[in-house]
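Note sheet for the following structure.
The numbers here are math on the coordinates, done by the rules we state, and not lab data. Please read these numbers as outputs of a predicted model, since none were measured by experiment. Reconstructed Cβ throughout: ideal geometry from the backbone, glycine too, with neighbour counts over all protein chains shown.
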Amino acid sequence: MLLRDFEDRPLCYASGMSQVPDHDAPSVPSPEHVAELLVRHGYRSTAPRRAVVADVLARGRPFTAEEVVANLRQRVPEIGRATVYRTLELLASVDVLSRVLRSDGHPAYIAGTPGHRHHLVCSDCGAAVAFSACPVDELVRDLSRDTRFSIQGHLLEVFGLCPECQPTV
């Protein structure tokens, strides 16, 4: 199911993005699949892009562009900040990365399989869990009908404490 064309999948009304119902699929695509996806979209698979892809796919928590820059500069000193930022935006545009807000309000990215998804984010440690069930579809339909807005998408982050960060009683 990873990184296929999802035209035959049901769409999330609010975002127009496909949903991927396969719960057995890996939560993060492989670097090879991402390289293939980039080529399919007309982008070259350069060494700096591959370095960024490998770095972001290895992260299990939301991260900032500056965290990627700092990490890559240790291993690939010649990589430029602009290359990292452009690659992150490119990966977000092909739906490999989602932009999320951290509990402190700062933006971050998280890698995941393409498709409509929302996130549970731990307010303490920053751990994030993606979920594809869309609890706001009915609300978006009602808002669209009542306001005559042509709604193009939505974001949903739910903040709380993960099991490891909850106080023990």
Give the peptides 152-162, 55-65 in descending order of average Cβ contacts within 10 Å, highest first. 55-65, 152-162
Heads up, the stretch 79-131 by the C-alpha gyration tensor (a ≥ b ≥ c square roots of eigenvalues; a/c under 1.5 rounded, else a/b over b/c prolate, else oblate) looks oblate
Counting only DSSP loop positions in the stretch 40-84, the GluC sites (Glu not before Pro) whose Cβ has at most 14 other Cβ atoms within 10 Å are Glu78
Two-site label geometry, Ser93 and Ser30: point separation in nm, points 7 Å out along Cα→Cβ: 2.7 nm
